[in-house]
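The values are calculated or read from the model by the stated rules, or taken from the named source; none is laboratory data. As the structure is a computational prediction, the values presented were derived from the model and not from experiment. All Cβ positions, even for glycine, are placed from backbone atoms using ideal geometry, and neighbour counts span all protein chains on display.
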Amino acid sequence: MAANPAISDLDLLAFLDELLPGVRAAEIERQLRDSPALQQRAAILLRRRDQGGHTLGEIWRRRRLSCPSRGQMSDYLNGVAEPGFAAYLEFHVHDIGCAPCAANLDDLRRVQTDTTDRRTREKKFFDSSAGRLRKPPT
Ligand SMILES: [Zn+2]
């Protein structure tokens, strides 16, 4: 017996349409976080429905479904995120198209690059002036 009750396409669609009771919706959201396979199915369903003129992606974007925190994204950029989180973030940003998270991620990347650049500049500066500056504090 699987730990997680199976989720049908209908369940997923109902979830995306916000037609499920809270407990079931929370359960599906939890499983979505944990299961790349389920994320893929949801992404396919979303695309199919969006092509039909529905705007399920919009609904998800509006709800900001399971937006990760900046801390989690920062862990991801630093390569220390928990296993499976990278796949979830990809799904969240690319398939759901969560604009706030994409912006957050860009922002964090820029901060990270700036910090790296600054450290490099500082190191160069200290390396080049180390000889001249080596003077015991008085
Ligand atoms: Zn988001």
Please specify each residue of segment 70-113 satisfying the condition of being in a loop (DSSP other than H, G, I, E, B), near the ligand (Cβ under 10 Å from one of its atoms) and among the small types (Gly, Ala, Ser).
-> 97
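So if I check each of 129, 69, which one is of a type in the set (Ser, Thr, Tyr) and either modelled with pLDDT under 85 or touching a Phe, Trp or Tyr at 6+ places or on another chain (Cβ under 9 Å) (or both)?
Being of a type in the set (Ser, Thr, Tyr) and either modelled with pLDDT under 85 or touching a Phe, Trp or Tyr at 6+ places or on another chain (Cβ under 9 Å) (or both) holds for just one of 129, 69, which is 129.
Table: residues versus (1) modelled with pLDDT under 85; (2) of a type in the set (Asp, Glu); (3) more than 30 Å from residue 112 (Cβ to Cβ).
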residue	(1), (2), (3)
1	yes, no, yes
27	no, yes, yes
85	no, no, no
88	no, no, no
93	no, no, no
98	yes, no, no
Could you tell me whether segment 73-93 includes any residue that is at positive phi, free of Cβ contacts under 8 Å to residues at least 24 places away in the same chain and not aromatic (Phe, Trp, Tyr)?
-> yes
